[in-house]
Amino acid sequence: GENVEQHPSTLSVQEGDSAVIKCTYSDSASNYFPWYKQELGKGPQLIIDIRSNVGEKKDQRIAVTLNKTAKHFSLHITETQPEDSAVYFCAASINDYKLSFGAGTTVTVRA
Amino acid sequence: NAGVTQTPKFRILKIGQSMTLQCAQDMNHNYMYWYRQDPGMGLKLIYYSVGAGITDKGEVPNGYNVSRSTTEDFPLRLELAAPSQTSVYFCASSYSEQGAGELFFGEGSRLTVL
């Protein structure tokens, strides 16, 4: 099955700086790559996703890039704010609605 | 519109006991899922369902059972609880006519087996 690796496991940034989280996947047939944000005591929530026919997607301060050749994708958060502190999960899917998740990155934004 | 509702939020079980985690969604989603979340391990798929009457195993199904008699409900049954089943369990649902779509998660059920 699909194996998704996520780095780093923890990330501390100064408020206003950028944060980057990277994921690699093993199955070249994967074609859907969502990112989920999990706040303390809550379930994960989708923040952005990308499909394999697109190289980059932006939504305000969040962007995701995909390199199909290298089989990796990244989440970029610019101008970080305290409310960006959370656990972020990447995932990959071969369009069969069964997502394989990375282990998660705990992001802390320092004021 | 409550979304995905899980009960109970917390439960302590003794080894060998059984229990059912309840999950209900009111969004008329066709797909439903159960994940478990362990520290540093991400989310692992236990079981999923693509519609009423249809269920299938995920990555870590051993020790669990599910049923999907209605579109709204997807209970997860733990038989003969073991310490290895101590985890946070998340139910999720999604709607898609073709493959992957946004998952909507419940707030989780924290289970401890002693």
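The values are calculated or read from the model by the stated rules, or taken from the named source; none is laboratory data. Small disclaimer: the values here were computed from a predicted structure and weren't measured. Every residue, glycine as well, gets a Cβ built from its backbone with ideal geometry; the counts of neighbours run over all protein chains shown. Note: accessible area is taken over every heavy atom of the protein model, side chains too, but ligands, DNA and RNA are not part of it. Shrake-Rupley method; radii C 1.70, N 1.55, O 1.52, S 1.80 Å.
Assorted remarks:
- Extension gain (nm, one decimal) between B:Q17 and B:T70, 0.36 nm per residue minus Cα-Cα: 16.5 nm
- If you sort B:Y95, B:Y89, A:Y97, B:Y31 by accessible surface, 1.4 Å probe, largest first, the order is B:Y95, A:Y97, B:Y31, B:Y89.
- Legend: calculated FRET efficiency, B:D26 to B:E79, from the Cβ-Cβ distance at R0 = 35 Å, rounded to 0.05, equals 0.80.
- Averaged over peptide A:76-86, the number of partner chain Cβ atoms lying within 10 Å of each residue's Cβ comes to 0.
- With the whole protein complex present, B:T86 retains an accessible surface near 50 Å², based on a 1.4 Å probe.
- Here's the list of lysines a cross-link from B:K57 could span, going by alpha-carbon distance under 22 Å and ignoring same-chain residues fewer than 8 apart: A:K98, B:K44.
- Environment charge at A:V13 (Cβ cut-off 9 Å; Lys +1, Arg +1, Asp -1, Glu -1): -2
- Where B meets A: accessible area buried, both sides, 1.4 Å probe, Å²: 1700
- Heavy-atom accessible area ranking, 1.4 Å probe, most first, across A:I21, B:I15, B:I54, A:I94: B:I15, B:I54, A:I94, A:I21
- Candidates per trypsin sites (Lys or Arg not before Pro) in region B:3-55, loop by DSSP, up to 13 other Cβ within 10 Å: B:K9, B:K14
- Computed Kirkwood radius, in angstrom, where 1/r is averaged over Cα pairs of the protein assembly as shown: 18.0
- Model label sites at A:S28 and A:T108, defined 7 Å from Cα along the beta-carbon direction, differ in position by 4.1 nm.
- FRET efficiency for the pair A:R51 and B:F10, taken as 1/(1 + (r/R0)^6) with r the Cβ-Cβ distance and R0 = 45 Å, rounds to 0.75.
- The charge dipole of chain B, taken about the Cα centre with unit charges on the Cβ atoms of Lys, Arg (+1) and Asp, Glu (-1), comes to about 480 debye, rounded to the nearest 20.
- Reducing region A:64-84 and region B:46-75 to their Cα centroids gives an inter-centroid distance of 32 Å.
- Average accessible surface area per residue within the protein assembly as shown, 1.4 Å rolling probe, Å²: 48
- Springs join every pair of Cα atoms under 10 Å in this Gaussian network model of chain B, and among B:G51, B:G42, B:G16 the largest mean-square fluctuation is at B:G42.
- Percent accessible area from carbon and sulfur atoms, chain B, protein chains only, probe 1.4 Å: 52
- With DNA, RNA and ligands ignored, accessible area of A:H7 (1.4 Å probe; Å², nearest 10): 110
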